[in-house]
Amino acid sequence: MEPKHDHSGHVHNNMRLEEIQAQLSQIFAKLEHDVPLHLFLSDDKESPFNQAAREILQTISRISPRIKVLEHGLDDDLAKEKGITSSPTILFDPDHYGLRWMGAPLGEEGRMFIEALVMLGNRKSDLSEQSRRILEKIASPRHVQVFVSMTCPYCPQQAMNVLKTVVARPDLITLDIVDVQSNPDLTDRYSAYSTPMTYANDEFIGKGAQPEELFLSSLEKLEEQTIFIPDVDAEEVETDLLIIGGGPAGLSAGIYAARAGLNAAVLERGVLGGLVATTPEVENYPGIARVGGKTLVEIMVAHALEYCKIFPGEDAVRITVGERFEVQTTRRRFLTKVVLLATGADHKHLHIPGEERLGGRGVSYCATCDGPQFQGKKVILVGGGNGAVTEALHLKNIDVDITLVHRRDKLRAQEHLAKKLQAENIPVLWNTEVKEIRGEARVEEVELVDNRSGETTTTKLDGIFISIGYQPEVELARQAGVELTDDGYIKSDRRHRTSVPGIYAAGDVEGQFKQIVTAAAYGSEAAMAIFEDLINPYWTAS
């Protein structure tokens with residue numbers, strides 16, 4: 001007899017599959033135009049990418065009559081006409097668009113694939129007004145290549161940035177979405193070892209997920225831009241509370257503020273969930289013993305959306321202090337009674353020769369995003385805390401030849417993680433620091449120094465992952481005149497008030513414990529304090 005738990009699992013999986021197909025059926029029923037998909041495959045029937053691409057496209061075509069799939073070999077006339085030589089490759093509606101997907105839409109790429117079908121099927125780009133203004137300035141063609149990975153949560157945002165321009169100007173913009181795992185030769189040629197990475201007309205224009213307008217600015221100038229200032233005021237939004245930052249602190253604050261009756265909105269310039277979205281595995285979040293970071297973020301975002309508005313991909317440019325705060329973003333202006341800064345923290349850098357120059361070309365700060373590209377290759381991971389050990393275990397699990405490098409003689413990670421590291425036979429170089437990262441187009445070697453003896457050694461390798469902690473995102477706070485601590489975090493009191501009346505802070509940016517549960521707790525605590533202060537504003541007290 002079949003075990004009961006296995007049978008239940010199969011039933012649950014089948015129900016889940018039927019549920020997904022029903023949701024897709026509803027989505028695709030609203031498509032206004034057909035989306036023909038041309039799938040090009042080699043004769044390699046054993047290729048898992050070929051099999052996956054065929055199964056996914058056949059399933060999608062059965063769900064909607066609007067999506068028609070035509071299969072080709074690499075030696076047929078259309079393949080030769082379009083210059084297609086890799087398998088699998090998908091052409092989307094080639095009579096109207098120049099969009100080529102090189103790979104199978106698995107994992108995070110699956111979400112991109114569905115969004116692409118919807119956008120192409122409705123032929124609406126949904127570009128912001130600011131982005132349209134920039135696009136109008138581009139007079140010559142742009143061929144864009146976005147290198148993506150099925151494990152990268154940042155990739156969908158960047159790919160959709162480009163796709164919007166393809167839909168808006170199909171006569172001007174063409175796009176190749178390149179899966180790095182199924183196209184290793186092309187990945188090597190461009191040294192695209194950190195995803196997403198974007199090129200236009202063979203010029204590097206962006207690493208990571210950019211806000212939409214910043215991407216358009218990079219596309220126009222054909223070089224990476226680091227800041228975008230809107231040239232005109234766009235839509236104006238009024239709120240009681242504007243939360244800047246969509247990590248656990250910001251999302252929790254949005255929920256609790258709205259539940260208290262406040263009109264609250266959340267801004268997030270990057271990926272919702274912040275660093276949690278790139279965490280391979282979260283352990284012991286209350287009520288959940290073990291969960292993928294991206295899954296936990298999706299649960300949080302879905303919950304927050306029930307209560308407050310979220311503005312993703314929107315960067316706060318400046319805060320003007322006044323009777324009401326004016327917050328200018330890359331897309332619009334917010335007028336708000338109070339501001340909560342939940343801007344979190346970003347990865348610390350080593351600040352050594354070669355680190356910045358080879359960033360994305362073997363230097364990585366995200367094992368979840370970039371680890372699969374190093375399967376079977378030799379890398380080191382720098383760090384000794386919980387995050388570093390968790391990422392080392394993740395890399396080992398996906399068949400990366402990993403060595404941990406730690407500057408001390410003992411790990412800072414929790415004991416159970418240290419034991420896992422030992423059980424997995426992951427070597428550790430103790431009392432060792434990286435002095436320099438070397439290579440021409442990509443990482444080739446590192447120089448290590450023993451910080452006790454001063455002895456240096458050179459090690460040949462393919463990549464280096466850096467996980468040495470975080471630095472707070474305080475530039476916006478500094479610009480608004482908010483006082484910082486000696487360690488560079490936002491200085492706040494027990495009610496999360498900062499030195500500027502009406503501006504609050506919550507989460508990692510305050511320098512608290514770097515735990516998801518504490519960030520969420522501080523966000524909810526700040527929201528309740530704000531609610532009470534709006535009833536009895538302390539800044540008006542005589």
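The values are calculated or read from the model by the stated rules, or taken from the named source; none is laboratory data. The structure presented is a predicted model; accordingly, all values stated were derived computationally and were not measured. Don't worry about glycine lacking a Cβ; one is built from the backbone with ideal geometry, like all the others, and counts go over all protein chains shown.
A few points about this structure:
- Hits in segment 404-425 (condition: within 19 Å of TYR365 (Cβ to Cβ) and surrounded by fewer than 18 Cβ atoms within 10 Å (Cβ to Cβ)): ARG407, ARG412
- Test: residue in segment 36-47 that is of a type in the set (Ser, Thr, Tyr) and either in the same structural domain as ILE177 (by TED's automatic domain parsing) or in a loop (DSSP other than H, G, I, E, B) (or both): yes
- Checking each residue of segment 239-253 against the condition of being in contact with a His (Cβ under 8 Å, 6 or more places away or on another chain) and either surrounded by 23 or more Cβ atoms within 10 Å (Cβ to Cβ) or closer than 21 Å to ALA302 by Cβ (or both) gives at least one match.
- Matching residues in segment 63-103 - criterion: being on the phi > 0 side of the Ramachandran plot and either part of a strand (DSSP E or B) or free of Cβ contacts under 8 Å to residues at least 24 places away in the same chain (or both): GLY83
- Criterion (out of contact with any Gly (no Cβ under 8 Å at 6 or more places or on another chain), within 29 Å of LEU267 (Cβ to Cβ) and at pLDDT below 95) met by exactly one of GLY246, GLY206: GLY206
- With respect to the conditions (1) buried (at least 17 other Cβ atoms within 10 Å of the Cβ); (2) under 23 Å from SER252 (Cα atoms); (3) under 20 Å from the mean Cα position of the chain (by Cα), VAL327 lacks only one, and its number is (3).
- Identification of strands (runs of 3 or more DSSP E) wholly contained in segment 445-524 with 3 or more residues that are free of Cβ contacts under 8 Å to residues at least 40 places away in the same chain yields 445-450, 456-460.
- Any hit, segment 276-285, residues being out of contact with any Leu (no Cβ under 7 Å at 6 or more places or on another chain), assigned to a loop (DSSP other than H, G, I, E, B), without any contact (Cβ under 8 Å) to a residue 12 or more places away in the chain and not aliphatic (A, V, I, L, M): no
- Total residues in segment 282-305 satisfying the condition of being farther than 12 Å from ILE516 by Cβ and in contact with a helix residue (DSSP H, G or I) (Cβ under 8 Å, 6 or more places away or on another chain): the figure is 4.
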